[in-house]
Structure formats: structure tokens, C-alpha cells
Amino acid sequence: MTIKDIFETMDYGPAPEASGDALAWIVDQGGKFGHFIDGAFTAPGAGFDSKNPATGEVLATLSQASQGDIDAAVSAARKAQPAWEKLEGKGRARYLYALARLLQKHARLLAVLETLDNGKPIRESRDIDIPLAQRHFYYHAGMAQLMEAELPEAQALGVCGQIIPWNFPLLMLAWKVAPALAMGNTVVLKPAEWTSLTALCFADICRQAGLPRGVVNIVTGDGAVGEMIVNSEVDKIAFTGSTEVGRKIREATAGSGKSLTLELGGKSPYIVFEDADIDSAVEGLVDAIWFNQGQVCCAGSRLLVQEGIAEAFHAKLRARMDKLRIGNPLDKCIDVGAIVDPEQRNRVAALVDAHGGEGEVYTAKCDLPDGCFYPPTLVSGLSPASALMQDEIFGPVLVSSTFRTPSEAIMLANNTRYGLAASVWSENINVALDIAPKLVAGVVWVNGTNMFDAAAGFGGVRESGFGREGGWEGLAAYTKPKGKGKALKPVAEFPGDNAEPQPVDRTAKLYIGGKQARPDGGYARNIFDKSGKLIGQAPIANRKDVRNAVEAARAAKGWSGATAHNRAQVLYYIGENLSARGDEFAAQINRLTGGKTGAAEVEAAVDRLFTYAAWADKFDGQVRSVPMRGVALAMREACGVIGALCPDELPLLGLISVMAPAIAMGNRVVLVASGPFPLVATDFYQVLETSDVPGGVVNILTGSHAELASTLATHMDVEAVWSFSSTDLSEVVEKGGAGNLKRTWVNHGIARDWMGEAGEGRTFLDQATEVKTVWVPYGA
Ligand code: NAI
């Protein structure tokens with residue numbers, strides 16, 4: 001036998017991690033767990049078994065929380081919250097730091113427990129899940145320390161309900177609990193029913209850290225318990241899980257005033273160009289799709305490989321698949337562990353079995369052990385529309401397709417309802433960095449995959465949800481502006497006699513695609529002044545007009561690619577032109593509103609245009625200090641098309657306060673002007689026409705907010721909807737937005753002082769942008 005033969009035939013000996021300490025910890029707890037409420041474990045109640053998926057053995061018995069348990073947990077969190085917030089950041093930082101230290105101290109126990117409970121390879125829980133969980137607590141201990149100095153306008157939301165999945169049980173807990181506590185919130189967290197043990201161990205760690213009672217509460221159970229949390233008196237829901245459940249939660253919380261962040265599924269593209277380092281790209285793919293058995297929301301599950309290298313690439317990939325070691329997750333030599341539960345295994349198998357004969361299915365040549373395992377699988381040669389290319393499988397199944405040109409790669413990559421992550425492989429940095437901004441995804445990895453860190457935001461767009469976790473942007477999900485705000489007061493239009501024929505001086509039109517347009521329905525309504533005298537007629541826009549406006553806005557995508565300098569120039573120009581006609585606008589505002597503040601409103605509007613012109617090229621991205629050689633860029637991107645119901649009370653300033661930040665950041669907008677006082681907006685488009693605003697960037701409709709809100713919110717080509725109408729349309733907008741899970745920003749019945757500081761600034765810019773994290777590791 002030659003040395004070469006020996007190397008080729010040599011097998012790995014088993015190197016199992018001992019499970020004794022973790023099993024002993026379970027036994028020490030009595031093997032049966034209650035909930036962790038108000039600093040203590042409740043007596044175990046009726047519940048269900050938690051099993052080791054690799055062996056089927058029962059590890060512990062968990063309790064199914066009742067409504068009473070949820071009420072007790074929420075009220076403990078509510079009671080604890082004011083004192084926790086009052087500790088101030090520096091006080092809370094000490095506790096977060098202590099939690100991080102204890103997670104580090106118990107790292108081995110937690111890693112083994114996680115692997116026993118979830119089936120993931122010990123290498124992963126030991127080297128990724130647990131260290132990253134610690135890192136989140138350390139990082140957010142720092143955020144707590146800096147809160148008062150760096151976020152002087154922010155305060156805690158209150159009590160946060162947090163619902164997490166089974167794929168990264170402790171890590172998802174850390175992602176949610178650490179920022180919430182750092183910002184002064186208290187939490188009620190529900191781990192997934194298949195994997196609750198590390199969360200319960202974390203509860204024990206909270207006790208060891210001396211965390212005040214009620215700050216962290218952990219309740220166990222299935223989706224019904226999740227629903228109870230969603231419907232309880234919490235101030236926020238943070239959810240990670242399936243798009244289907246995320247959508248339900250969006251609908252259930254609509255109009256309730258609860259904040260919401262959703263981190264949902266994905267079908268992330270893994271794009272390999274022909275100039276890529278092929279061996280690295282194949283190895284990266286192993287991490288992209290076989291890490292955690294593919295049960296990863298951002299798994300690189302959709303391989304797109306350039307045609308010229310497709311055959312060679314697939315051959316190397318198949319050979320590599322055959323070398324993957326599948327088996328006992330506690331064995332340190334194992335690459336692929338067990339699927340979390342037979343139910344999930346069956347779901348994966350059913351999806352693959354239903355592929356209908358399209359494409360070629362390749363299964364890794366491996367001995368599948370007994371237990372809940374599924375072999376690494378590749379389905380190649382699929383058409384872009386096939387179900388396997390579109391639907392999230394959430395298992396060790398890779399699908400693949402080919403492309404010819406970079407633009408085709410982008411088109412295929414973006415041909416999905418999701419937008420979580422993407423990988424780009426090319427040795428040409430120009431190509432990679434040209435593609436990254438064009439991918440519709442919250443995270444892009446260049447020549448890498450599945451890189452995560454607390455300092456870098458993570459989260460998606462489209463049906464992958466909204467909100468970010470990690471980084472500075474992640475804190476927005478756990479804070480709100482200081483101050484309470486006054487209740488919204490509906491602004492009514494002035495009545496007049498519609499029957500009496502009156503001379504009309506002008507019939508206004510809608511403004512769509514840079515042109516004045518008659519309303520589709522052909523109707524207009526009379527607008528009267530305070531004394532009942534007719535001022536003019538405002539068109540009544542309908543669904544069709546909304547659709548036309550959205551189409552025009554979509555077509556104006558060049559605006560998003562224009563330079564920030566360019567956009568600033570256009571905003572300055574609008575400001576100048578408005579200023580030149582200031583007296584006329586002031587008079588019209590006074591006439592419409594029956595007030596005397598027209599001149600002040602125009603002045604403030606011009607100033608606001610200048611402010612956002614100033615911001616256009618200064619609301620920068622950042623480079624994040626992640627622990628790797630390379631950079632993680634937090635890039636600000638436009639959301640796309642934003643639909644907005646403008647404030648009723650200040651017809652010019654309200655419209656500009658909404659329009660200016662949105663277009664400054666590169667969005668295109670469909671604005672529904674003030675309901676009672678629309679005729680300033682219809683004059684304003686003449687200003688737009690003379691200010692070099694490209695057609696379609698700003699579209700202005702007039703009509704009933706209540707009627708148009710739902711059309712805007714349910715429109716699949718609108719990325720975000722804002723509602724500042726004086727009638728509270730939050731529920732309509734949030735519920736309507738559930739369809740394509742668009743971002744919404746609504747007033748929840750609280751008025752805003754548009755003339756004051758609350759009417760402008762960073763909050764608006766944050767709402768007008770998405771943060772995309774682009775990871776660029778170094779390496780020659
Ligand atoms: P799921 O979305 O049902 O479960 C996630 C969490 O939500 C669990 O804690 C569950 O108890 C809870 N939950 C379930 N129904 C709820 C409801 N109506 N209200 C509130 N909370 C509720 O995910 P599941 O069934 O475990 O997996 C199904 C599929 O979802 C997977 O095959 C995968 O495609 C996707 N998924 C995606 C995840 C991600 O990280 N993006 C994580 C887990 C699953």
C-alpha cells in the first residue's frame with residue numbers, strides 16, 4: 001500500500017464529545033421543566049417530551065404554557081421594567097456583561113445541550129452558536145453602556161414578546177434578549193417546542209447572574225403559546241420563523257400599536273462566476289447549504305453557476321458531497337448532523353419527492369445512520385419557476401441552475417419572493433462589488449457565506465421580513481423616541497353647498513409619471529373655504545390611479561441609481577422654486593385651512609427641503625468592526641417605492657416632510673395629499689415640473705385616505721407604506737401590508753408636531769432606507 005493509498009482510504013475515527021455533564025444538568029433539574037417566570041421556575045405542568053433527534057431518546061419533559069402562565073410572565077415583565085430601565089445603561093451593562101461571562105463559563109455544557117436537543121454537529125454548536133451568543137451579550141453590554149450618550153432621544157419600548165425558532169435555539173435567544181435588555185426592556189421569550197433546553201439553561205444562568213426578577217421570563221410550548229404572547233399586553237413582538245407564521249403575526253398585531261420585527265425565510269442565491277476560485281466556492285457551498293443541515297434561514301440554497309464552468313463545478317460539488325460525513329452530532333468529525341425532528345425530515349422529503357421529475361436529483365453517497373437524518377442532496381437543471389427553485393426547503397437540499405451573463409445572474413438571483421441573503425463568488429472584486437448592491441437582499445457575502453456578528457446587522461427585505469438584528473440599526477427595534485405625543489385629532493374639511501352652482505376657477509388634476517392626469521373615475525369634489533365658498537375642485541383618485549402611479553414610480557428606478565449629489569441638487573432646486581412662489585402658496589394655505597400660518601408653513605417647508613438636500617449625501621453607511629480580516633459594510637439603500645398618506649393638518653409642510661427624506665434617499669413616492677386641504681399639493685406639482693424632478697419620482701394623488709390606504713398597502717409593487725393621516729389608518733395599512741410583508745410606518749393614533757423637531761431628521765431617513773450588510777473578507 002502506498003502512502004497515497006493510505007491517505008485515500010484512511011477513515012476518521014470517532015471522536016465523540018461526552019454528554020454526561022449535560023445529561024446530568026437535566027437530571028439535576030428533575031428532568032421536568034416548568035416556566036421561568038419572575039425569577040423562579042414554576043412547577044412543571046402538563047406538557048410534552050423534548051427528544052434527541054439523532055437517537056429519538058427523550059431528554060426532558062417540558063410544560064405547555066397556559067393563558068395564566070403567559071399573563072403571569074407578562075405581568076412580571078411589566079412590573080420589573082421601570083426599575084430595569086431606571087438602572088440606566090451603565091447599570092444594565094454590568095448584568096449583560098455578567099451574562100456573557102456566564103455563557104462563556106458554561107460554554108461546553110451549552111454546546112452539548114444544544115447538540116443533544118437540536119441534532120446539529122457539536123463542531124457548530126461549540127464553535128459558532130455558543131461563541132456568537134456570548135458575543136451578542138458582550139456587544140450589547142457595550143450598547144447599554146453607551147445608550148445615554150449615543151442615543152439621547154431613545155427610550156425602551158417596555159415589555160417585548162419574543163418568539164424564536166428551533167434552528168439556532170440559544171443564538172436566536174441571544175440575538176433577541178441582548179439588545180432588548182440593553183435598551184431597558186424586559187422580555188417574555190418562547191423558545192421553539194422542539195428545542196427549549198438551552199433557553200431553560202439560560203434562565204438558570206440569569207439566576208446565577210443575579211438578574212432582577214421579572215427582567216427575563218421564559219415560557220415553553222407550541223405555536224398556541226406563541227399566539228397567546230402575540231395577543232398579550234406586550235409592547236413589541238420580535239419573531240423569527242416561517243413566513244407563514246410571520247404573516248399571521250403581522251395580521252394579528254395590525255393596528256394594535258405593538259412594534260414588530262420579523263425575520264423570516266429565504267431562498268438565498270449563491271452565485272458563482274466563472275472566474276471564481278472554484279475550490280473555495282465548492283467549500284463555501286458546503287457551509288452555505290449543509291451547515292446546520294440546511295436549516296438556516298439564510299442558507300445558500302439556490303446555486304447559480306455561470307454556464308462555462310457549470311459542468312466542472314457540479315462534478316467537483318458531487319465529489320465533495322460524497323465526502324461529507326453524516327452521523328452522530330456529538331462526534332467532532334461529523335459534518336452533517338440530524339434533522340431537528342421527524343416531522344421536519346418528512347416535510348423536506350415530501351418537497352423533494354414532489355419535484356415532478358424535473359431536473360436531476362443527486363444524493364450524496366453516504367451511509368445514512370438510523371435516526372432522523374436526511375442525505376445531502378443536489379437537484380440540478382431546474383427551471384427558474386419550478387417549485388423547488390422558489391420554495392424554502394429548510395433542509396440539506398441544494399437546487400441549482402445556470403446563467404450566462406452578470407445581468408442574467410442578477411435577474412435570476414432576484415427572481416424570488418424572498419430577500420434575506422446572497423453570496424457572490426468572483427476573483428474580480430469589480431464584478432463582485434458591482435453585483436452586491438443590485439441584489440435584493442439584506443446581507444451579501446462576497447467570496448464567503450454565513451458570516452455573522454453582533455456588530456453587523458442581519459435581516460431581510462420582501463417576504464424575508466423587516467427590521468434588523470445586530471449593529472446600531474438593530475437597536476431601533478427595541479427603542480422608541482422619548483416623549484409621549486398627543487392623540488391624533490381628525491381634521492375635517494370645510495362644508496359648503498354642493499348643490500349651488502358656483503364659478504370654479506380651476507380644476508386640478510392628479511400628477512402621475514411627471515404628467516398631469518385626469519382621475520380614472522372622472523370624478524372631482526368641491527373644496528370649500530372656512531366660509532363655505534368654493535375654492536376649486538380636487539380629483540378623486542381610485543385604485544386604478546394608484547396602480548398607474550405605482551407603475552410610474554417603478555419605472556423611475558433611475559432615481560435610485562442617481563448620485564446623492566444629484567438628488568441633493570434637485571431638492572435644493574425644488575426649495576428655491578417653492579420659495580420663489582412662497583407668497584402665493586402661503587395665501588392658498590391660509591384660504592384652504594382658514595388659518596394664518598401659511599407663511600410660516602411655506603418657510604418651514606423650504607427649510608425642510610434644504611435640510612434633506614443637505615442630508616442626501618451625508619446619511620452615510622458605515623464599516624463595521626467585525627472580528628475578521630475584512631470589512632463588513634453597512635450600506636444604506638433606498639427601499640424602492642414608498643406609498644404615503646400625507647398629514648392632513650399642514651397640507652404643504654406635511655407633504656414635503658414625507659416626500660423630501662424619501663426622495664433624498666433615492667426612493668420614488670406615491671403621495672396621497674392632505675384629505676381636507678388637497679389643493680396645495682395640486683399647485684405644488686407645478687413646482688416639481690420646473691425643478692428637474694424626473695417623471696415618476698414623485699406622484700401625487702388626491703382623494704380619500706381611507707379608500708386609498710388599503711390599495712396602497714396591498715399593492716405588491718410597493719415596498720413600504722407610511723401613514724400620517726389624521727384618521728388612524730394604522731390597522732388598514734399594517735394588515736394590508738401583510739400580503740408581501742412590506743415595511744410600514746404608521747402613527748398609531750399619535751399626532752406629530754410637523755412644525756417642530758419631530759417633523760424631520762434621522763428617524764425619517766432611517767425609515768427611508770434599508771441597511772444592507774456586505775461582507776468582504778480579505779485574502780489574496
Ligand atoms: P414556525 O414558524 O411554525 O415556528 C417558529 C416559532 O414560532 C416557534 O417557536 C413556534 O412555536 C412559533 N409559532 C408557531 N405558530 C405560531 C403562531 N401562530 N403564533 C406565534 N408563534 C407561533 O416554524 P416551523 O413550523 O417550526 O417550521 C416550518 C418551516 O418554517 C420550516 O420548514 C422553514 O421553512 C421555516 N422556518 C424558518 C425559520 C427561519 O429562521 N427563517 C426558522 C424555523 C422555520
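The values are calculated or read from the model by the stated rules, or taken from the named source; none is laboratory data. In this text the structure is predicted, and so the values were computed from the model without any measurement. Backbone-built Cβ (ideal geometry, glycine too); neighbour counts: all protein chains shown. Note: areas computed on protein heavy atoms with side chains; ligands, DNA, RNA excluded. Shrake-Rupley method; radii C 1.70, N 1.55, O 1.52, S 1.80 Å.
Dipole size in debye (nearest 20) for the stretch 19-145 around its Cα centre, Lys and Arg Cβ +1, Asp and Glu Cβ -1?
560 debye
Let's see if you can work this out: charge +1 on each Lys and Arg Cβ, -1 on each Asp and Glu Cβ, no other charges. What is the dipole magnitude of the chain about its Cα centre, in debye to the nearest 20?
Dipole magnitude for the chain comes out near 1240 debye.
In whole percent, what relative contact order does the stretch 268-455 give with Cα contacts below 8 Å and a gap of six or more residues?
30 percent
Please list 723-733, 348-358 highest first by mean number of surrounding beta-carbon atoms within 10 Å per residue.
723-733, 348-358
Residue 473: net charge of surrounding residues, Cβ under 14 Å, Lys/Arg +1, Asp/Glu -1, itself excluded?
-2
Jot down the radius of gyration and Dmax of the stretch 268-455, Cα atoms only, both in angstrom.
15.6, 48
From the backbone phi of the stretch 353-358, what are the Karplus-calculated ³J(HN,Hα) couplings (6.51 cos²θ - 1.76 cosθ + 1.60, θ = phi - 60°) in whole Hz, Gly and Pro given as x?
4, 8, 6, x, x, 6
Exceeding 26 Å between C-alpha atoms, which entries from my cross-link table qualify? They are 258/438; 51/267; 509/530; 120/735; 489/735.
Listed pairs above 26 Å: 258/438; 51/267; 120/735.
Taking all pairs of different Cα atoms in the stretch 686-780, averaging 1/r and flipping that mean, what Kirkwood radius in angstroms comes out?
Final number for the Kirkwood radius of the stretch 686-780 is 15.9 Å.
For residue 19, enumerate residues with amide H under 5 Å from its amide H, sequence gap 5+ or separate chain, H modeled in the peptide plane.
Correct list: empty.
Stretched out fully, how many nm does the piece from residue 628 to residue 222 gain, at 0.36 nm a residue minus the Cα gap?
142.4 nm
Summing Lys, Arg as +1 and Asp, Glu as -1, what charge do residues with Cβ under 15 Å from the Cβ of residue 755 carry, residue 755 excluded?
Around residue 755, the surrounding residues sum to -4.
If I take R0 = 22 Å and measure r between the Cβ atoms of residue 717 and residue 385 in this structure, what FRET efficiency does the formula 1/(1 + (r/R0)^6) give, to the nearest 0.05?
0.70
Report the calculated FRET efficiency for residue 580 and residue 706 (r = Cβ-Cβ distance, R0 = 35 Å), to the nearest 0.05.
It comes out at approximately 0.50.
Could you pull the accessible area for residue 620 with a 1.4 Å probe, rounded to 10 Å²?
Taking all protein chains as shown, residue 620 has close to 100 Å².
Can you tell me the length gained on complete extension of the stretch residue 428 to residue 79, counting 0.36 nm per residue apart and subtracting the Cα distance?
120.0 nm
Using 0.36 nm per residue of separation minus the Cα-Cα distance, give me the extension gain between residue 213 and residue 618 in nm, one decimal.
141.4 nm
So for the pair residue 346, residue 322, with labels modelled 7 Å out along Cα→Cβ, what separation do we get in nm?
The two pseudo-label positions are separated by 3.4 nm.
So, with +1 on the Cβ of K and R and -1 on the Cβ of D and E, and no other charges, what is the size of the charge dipole of the stretch 322-458 about its Cα centre, to the nearest 20 debye?
Here the size comes out at about 200 debye.
For the stretch 214-284, with the dipole built from +1 on Lys and Arg beta-carbon atoms and -1 on Asp and Glu ones, taken about the Cα centre, which of 239, 255, 225 lies farthest toward the positive end?
255
Kindly list the residues of the stretch 678-720 that lie in the label zone of residue 569, defined by a backbone N under 18 Å from the point 7 Å along the Cα-to-C-beta vector.
What the label zone holds, given the 18 Å backbone N cut-off, is 688-695, 697.
Label residue 231 and residue 9 with points 7 Å out from Cα along Cα→Cβ: what is the distance between them in nm?
So the label points at residue 231 and residue 9 sit 6.6 nm apart.
Residue farthest toward the positive end of the dipole of the stretch 268-455, with Cβ of Lys/Arg at +1 and Asp/Glu at -1: which of 350, 386, 444?
The listed residue farthest towards the positive side: 350.
Using a 1.4 Å probe over the heavy atoms of the protein chains, calculate the carbon and sulfur portion of the accessible area of the chain as a whole percent.
It is 52 percent, rounded to a whole number.
How big is the gap, in Å, between the Cα center of the stretch 284-320 and the Cα center of the stretch 1-61?
About 29 Å separates the Cα centre of the stretch 284-320 from the one of the stretch 1-61.
Please compute the modelled spin-label separation between residue 67 and residue 251, points set 7 Å along Cα→Cβ, answer in nm with one decimal.
Result: 2.1 nm between the two label points.
In 20 Å bins starting at 0, how do the alpha-carbon pair distances of the chain split up by percent?
Bin by bin from 0 Å, the calculated values are 16, 46, 30, 8, 1, 0.
All other residues with a Cβ under 9 Å from the Cβ of residue 198 taken together, and with Lys, Arg as +1 and Asp, Glu as -1, what is their net charge?
-3
Amide H of residue 465: which non-local residues (sequence gap of 5 or more, or other chain) have their own amide H closer than 5 Å, using H built in the peptide plane?
264
For residue 59, list long-range residues whose amide hydrogen, built 1.01 Å from N in the peptide plane, is under 5 Å from its own amide hydrogen.
Those qualifying (amide H under 5 Å, at least 5 residues apart or on another chain) are 50, 51, 52.
Excluding ligands, DNA and RNA, what is the solvent-accessible area per residue of the stretch 268-455 at a probe of 1.4 Å, expressed in Å²?
35 Å²
Taking R0 as 45 Å, what's the FRET efficiency between residue 544 and residue 404 from their Cβ-Cβ distance, rounded to 0.05?
E between residue 544 and residue 404, to the nearest 0.05, is 0.70.
Within the stretch 530-545, what residues put their amide N at less than 13 Å from the label point 7 Å along the Cα-to-Cβ vector of residue 500?
Residues 530-535 qualify, since their backbone N sits under 13 Å from the label point.
Could you put 75, 380 in order of accessible surface area, largest first, with the 1.4 Å probe and the full protein assembly present?
Reading off the accessible areas and sorting them downward yields 75, 380.
Using the Karplus equation 6.51 cos²θ - 1.76 cosθ + 1.60 (θ = phi - 60°), what ³J(HN,Hα) coupling, rounded to whole Hz, does each residue of the stretch 578-588 give in order, writing x for Gly and Pro?
Ordered by residue, 3J(HN,Hα) equals 5, 4, 4, 10, x, 4, 4, 5, 4, 5, 5 Hz.
For the chain, what does the relative contact order come out to in percent, with C-alpha contacts under 8 Å and a separation of six or more?
Relative contact order for the chain comes out at 12 percent.
Residue by residue through the stretch 257-270, what is 3J(HN,Hα) from phi via Karplus (6.51 cos²θ - 1.76 cosθ + 1.60, θ = phi - 60°)? Round to whole Hz and write x for glycine and proline.
Using θ = phi - 60°, the values come out as x, 6, 6, 8, 10, 10, 10, 10, x, x, 8, 6, x, 10 Hz.
Please identify which residues in the stretch 172-190 have an amide N closer than 18 Å to a label point set 7 Å out from the Cα of residue 153, following the Cα→Cβ vector.
Inside the label zone: nothing.
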